[in-house]
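Everything below concerns the one structure shown next.
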Amino acid sequence: MRIAFIIGRFPSFSETFILNQITGLIDRGHQVDIYADYPKEQNKFHADIEKYHLFEHTYYRPQWSHPRTKALFKGLGLFLQNFPKAPLTLLRSLNIFQYQKEALSLRLLYGAIPILSKKPYDIIHCHFGQFGQKGIALRQIGAIQGKLITSFHGGDINSSAWYSSEGTYQELFHLGDQFTVNSNFTADRVIALGCPPEKIVKLPMGLNLSLYQFKARYLQANEPVEILTVARLVEKKGIEYSIRAVAQVLKQYPNLIYRIVGDGVLRDSLEQLIQELDVSKNVKILGWMTQEEVRQLYTDSHIFILSSVTATDGDKEGQGLVLQEAQAMGLPVLSTIHNGIPDGVLDGKSGFLVPEKDVDALAEKLTDLIRNPEQWLEMGRVGRAFIEENYDINKLNDQLVNIYSKLIVKNIKT
């Protein structure tokens, strides 16, 4: 199959689940092209990018110029330069009556440029609702051809940053051929927004389990308890609450280390909170790290925390894939009763879930885990078995290919 992925940034540290799908499809003999709005966000990137020569199959939208007048002149140049390749497509991209802001701002024109003259695809796979909308518009103007699937992940159906009214996704729901969701919560939300239930398939994001080796967890005499969080430093990840909980626990158990891997807009305020709580010797923000570096930290740690919350703008967690990564490596996990997270943690068996923003409950469960390290091994074994059964990327990629194949067969029949 010829498959096009339409996404926002590539590669992205926080979206390795997309990379896992892409490499899995290539391993199965399919051709994958990647259309992204923005290039990599860091100098470091996953080894699979080079292993699979993915930059050779990645096409970026021309970057927007500032001020706006400069962008308009650049757009005019792009239009004239590419007009002979697909005149009707480029003219349609400027139809302000149908595409309004997307046409008037030239975003649709910019988005079409990398795809012009490409052969039709069997499947167009868009990750996140806003890129599903982009894919539909590009297909309508004739820039790209193929059956269109959109994967919803959470932030694209909760945050006002992605939509301003309940009707925003109606055209996508009407014209899109299939939709995947990562949890039951996401499915319910997508249906509430107007998506026909028969178009929805639950397909969690998965892990390459060969890269996440199980390790039995024990605590040696005088060894510090090592706690880990891997997350973007944004409001919905709730890092503030895990820091406050650890600060509480430190009063009783000072021999612990809490490492936070990630970066984001809240880094400065979180660093300030660490200073205010006087826990800088025990709590460290490490910034972005490669997947290989993160896996080593999983190996070296004893407990994993992700204290996700609903952000003030309504943004929420989708699946919380790092919780599956941690469980795959045998870590007991501590998280919150938040959106899709209960789908991916066996509460009381592979970890504990507490209410959002409840620092006392986080501290209580963390204290329980620290006080009873003998329970870590069994929780780790249960978690690993749960992940093997439900989040193995090989099983999930086989399901993805099956979804694609059914769409193509349906298209042939109709």
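For the range 156-270, a/c is not less than 1.5, where a ≥ b ≥ c are the root eigenvalues of the C-alpha gyration tensor, and a/b tops b/c. That puts it in the prolate class.
For the range 242-330, the list of trypsin sites (Lys or Arg not before Pro) that fall in a loop by DSSP and count at most 10 other C-beta atoms within 10 angstrom reads Lys251, Lys281.
Within the range 321-414, the proportion of C-alpha pairs whose separation exceeds 21 Å stands at 44%.
Which label belongs to the value computed from this structure, given these candidates for volume of the Cα convex hull per residue in Å³: (1) 127; (2) 176; (3) 145? Among (1) 127; (2) 176; (3) 145, the one derived from this structure is (3).
Stretch Arg28-Asn255 to full length: gain in nm at 0.36 nm per residue minus the Cα-Cα span?
Working: separation 227, 0.36 × 227 = 81.72 nm, distance 4.78 nm.
So the extension gain works out to 76.9 nm.
DSSP beta bridges in the range 209-390, what fraction antiparallel, as a percent rounded to 5?
On the way: 1 of 21 bridges.
Bridges in the range 209-390 that DSSP calls antiparallel: roughly 5 percent.
Among the GluC sites (Glu not before Pro) within the range 234-286, not one is in coil by DSSP while having at most 11 neighbouring Cβ atoms inside 10 Å. Normalised radius of gyration (Cα atoms, divided by 2.2 N^0.38 Å) for the range 209-390: 0.94.
Kindly state, to the nearest 0.05, the FRET efficiency for Asn95 paired with Leu277, given R0 = 41 Å and r defined as their beta-carbon distance.
Working: r = 56 Å, r/R0 = 1.35.
That pair, Asn95 with Leu277, gives E of 0.15.
A crude spin-label estimate for the pair Gln399 and His174, with each label 7 Å from Cα along the Cβ direction, gives 3.1 nm. The distance between label points at Lys74 and Ala216 comes to 5.8 nm (points 7 Å beyond Cα on the Cα→Cβ vector). Comparing Cα centroids, the range 255-273 and the range 105-134 end up 37 angstrom apart. The amide H of Val261, built 1.01 Å from its N in the peptide plane, has Thr229, Val230, Ala231, Leu286 as neighbours under 5 Å, considering only residues 5 or more places off or on other chains.
Each value in this text was obtained by applying a stated rule to the coordinates, not by laboratory testing. On a predicted model such as this, the values are computed, not experimentally measured, just so you know. Heads up, the Cβs are rebuilt from the backbone with ideal geometry, glycines too, and the neighbour counts pull from every protein chain shown.
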